Amino acid sequence: AQSVAQPEDQVNVAEGNPLTVKCTYSVSGNPYLFWYVQYPNRGLQFLLKYITGDNLVKGSYGFEAEFNKSQTSFHLKKPSALVSDSALYFCAVRVIGGSYIPTFGRGTSLIVHP
Amino acid sequence: SAVISQKPSRDICQRGTSLTIQCQVDSQVTMMFWYRQQPGQSLTLIATANQGSEATYESGFVIDKFPISRPNLTFSTLTVSNMSPEDSSIYLCSVGGTGFQETQYFGPGTRLLVL
């Protein structure tokens, strides 16, 4: 079985400050990890993914995520938040070589204050 | 990447009626996926639609309630039948992610409110 936890329903950060959106996972095997963003009244947009290799993955809009195998985490980060980053963020996981159907977290609402 | 469009983008429907949602992809794909996103909740896979065969439904979803068509490799429809207020959700069409290192892409969603 595979699962994803996003422990924070909402994250508040001031514009210009660094942001972190947390994600932990549980899988039997090697994980394939994703982050998606959903802006208001829009569908999910792909941000970044981790398969193998460098634990720090860089994605769209200046976001990056760090894969930590020992902590089974894949936290999303950005050095300097923008008001336009305010959106709903989803972490997802599937097992490499397993089912192609990912498991999504419940989402974290990021609110960036001016 | 795939470009996915959905129609309608939103609708308000009366209970007991049905709504058909269309999904169009800009390239040929073997599998198309339909998800439901209920308010404040995560994405739940409804079914996988393969061209030329019956859709495969996930646990808790049945064909009578959510009939799916897949007439060709770029198009699919999902019908939400005999709607109730509990069907108020965002319905998302998706493609990709089935191959190694392949990314899954989503359409803009259909926002359904059932009164």
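Before moving on, here are some points about what is shown:
- In Å, descending, principal axis extents of the Cα set of segment A:3-113: 40, 28, 22
- In whole angstrom, chain B maps to an equivalent ellipsoid with semi-axes of 23, 14, 13, each derived as √(5λ) from the alpha carbon gyration tensor and ordered largest first.
- One compactness figure for the protein assembly as shown is 1.02, namely its Cα radius of gyration divided by 2.2 N^0.38 Å.
- Largest mean-square fluctuation among A:Leu76, A:Leu19, A:Leu33, in a Gaussian network model of chain A whose springs join Cα atoms under 10 Å apart, belongs to A:Leu19.
- Bridging of B:Lys65 to aspartates and glutamates at a Cα separation below 12 Å is possible for B:Asp87, once same-chain residues fewer than 8 apart are set aside.
- Qualifying aspartates and glutamates (Cα of each under 18 Å from Cα of A:Lys22; at least 8 residues distant if same chain): A:Glu8, A:Asp9, A:Glu64, A:Glu66, A:Asp85
Throughout, read-outs are computed from the coordinates displayed, never taken from laboratory work. If you're wondering where the values come from, they're calculated on a predicted model, not measured in any experiment.
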